[in-house]
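Following: one structure in C-alpha cells, then a few remarks.
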Ligand SMILES: *Cc1c(COP(=O)(O)O)cnc(C)c1O
C-alpha cells in the first residue's frame, strides 16, 4: 500500500492500531465479542467527549450523518435555531436545520474568525437550539464553546465536534453541551464512516417523538447499544459496520493508553512546529490569531504561486495530500492537517520540507 494522503483532512491520519483492527477477520454484528467491542467504543467515546451521557455511541454514518441526526431528533416544526456561521460547516448546519423544519436564525461571521457568543445571544431572546461548529475545518478556526454554554439560557446547545474530537479537548458536560456529533476520520485517526454522537437526558427528553428519519431516530437506536442492560436484549436496528466499530474502538484504546492530555499536547506541538515553520518560510496564516486549530492550519497561497500546481506536486512527488480552500477561498488558501497519527513533530517537519520544495518547484 502506498503511504499516500498522509496529511490532508481526509482518510490519511489512521493510527496503526486502527488499521490493524480494520484488517482483522470480520466479526458478525451479533457476535458477543463484537458487542463487547461496541461497548468499549461507547465507553471510550464517553471519555473523549468527557460526558456521563449514557446515550453516547458511534452512529453508522459520516460526520454529516451525525449532523443530520442531531437536528432531526431535536428540531420540532417551527423551532427557532440560532446557528453560528463562520465557514462551510456552519452553512451546512443551516441547510440541515431548515430541512428539519427549523426557523433558522443565521449569525454570520467573517470566515477565519471565531463565533462571537455575544452576537449569538443577541440574535434571539428565546431560541430552542443554539448551534455552532467547534473546529471549523473550512477555515482552521476554533470557537469558544464554553462561552456558548454560558449564554445558552434554556436553549439546547448543539455542537459540531467533527474536527476537534481527539485533537483538542471536547469536555461536553463541563461546557454545557447538550448534543454533539463528530467523525471518525479526522483526529481520531480512523477511516471515514462513523459519527461519534452524544446526547444528554435534557435534550433526549425534548426530542422529536417521530422524527422524519427512521434510520437516525434516536428513540429506535436505544436498544442497539448500551441502554439494553443485557446484551441478549439488544434489538436489531441495522447491521453495525463491525470492522469500522472495531477500528474505532482500537483507536480509542490507543488514544486513552497514550493519555488524552498527551494526545492533545502532541497535536498542539505538531501544530506549533508547523505554524512556526510556515511563518519562517514567509507565508501568511489565514485563521485569526489566538483562535487557530493546531490540527488544521490554513495558509494563504502566495500571489505568485498556483495553488493547484503545489497540491499536485505534493501528491505526485511527496505522497502528501493537502486541501485547497473552500468557497471563495478555493484557490487562495491551503488547508493543511496534522491529525491523529500525523500529529507528530517529525511529520510536521517532513511536511514543512515538502511544502517548501513544492513551492520552490512551482516558482521555478
Ligand atoms: C468533515 C466535517 C464534517 C462532515 O463530515 P463527513 O464525514 O465528511 O460527512 C462536518 N463538520 C466538520 C466541522 C467537518 O470537518
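Values quoted throughout were computed directly from the atomic coordinates according to the rules given, and no laboratory measurement underlies them. This structure is a prediction, so every number in the text was calculated from the model and none was measured. No Cβ is skipped: glycine too gets one built from the backbone with ideal geometry, and neighbour counts run over all protein chains shown.
Okay, here's what the table says:
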read-out	value
Shape of region 15-104, Cα gyration tensor, a/c cut at 1.5	prolate
Gaussian network model of the chain, Cα within-10 Å springs - most flexible of 57, 352, 218	352
Residue 260 versus residue 206: modelled label distance in nm, points set 7 Å from Cα along the beta carbon direction	2.4
Ranked 40, 184, 143, 12, criterion: other C-beta atoms within 10 Å, fewest first	40, 12, 143, 184
Average Cα contact separation per residue, region 16-257, under 8 Å, 6 or more apart, as relative contact order %	29
Net lengthening on full extension, residue 346/residue 288 (0.36 nm per residue, minus Cα-Cα)	18.3 nm
Region 179-302: C-alpha gyration tensor shape, a/c 1.5 cut-off, then a/b vs b/c	prolate
Spin-label pair residue 239/residue 122, simplified geometry with 7 Å Cα→Cβ offset, distance in nm	5.4
Simple spin-label estimate for residue 300 and residue 99 in nanometres, 7 Å along Cα-Cβ	3.6
Sorted by Cβ density within 10 Å, fewest first, the residues 22, 89	22, 89
Crossing angle, helix 88-99 versus the chain [Cα axis fit, 0-90 degrees, rounded to tens]	30
Nearest-0.05 FRET efficiency for residue 269 and residue 356, computed from C-beta distance (R0 25 Å)	0.80
In degrees, nearest ten, helix 63-74 long axis to first principal axis of the chain (Cα)	30
Global geometry of region 302-364, whether rounded, prolate or oblate, following the gyration tensor of its Cα atoms and the 1.5 cut on a/c	oblate
Extended-chain gain in nm, criterion 0.36 nm per residue less alpha-carbon gap, residue 30 and residue 309	95.6 nm
Separation between Cα centres of region 277-343 and region 155-213, rounded to whole Å	27
Residues 210, 238, 318 arranged by fewest to most Cβ contacts within 10 Å	210, 238, 318
Calculated [θ] (222 nm, deg cm²/dmol) that DSSP helices of n ≥ 4 give over the chain, each run adding -39,500 (n - 2.57)	-12000 deg cm²/dmol
For the chain, Kirkwood radius (reciprocal of mean inverse C-alpha pair distance, Å)	20.8
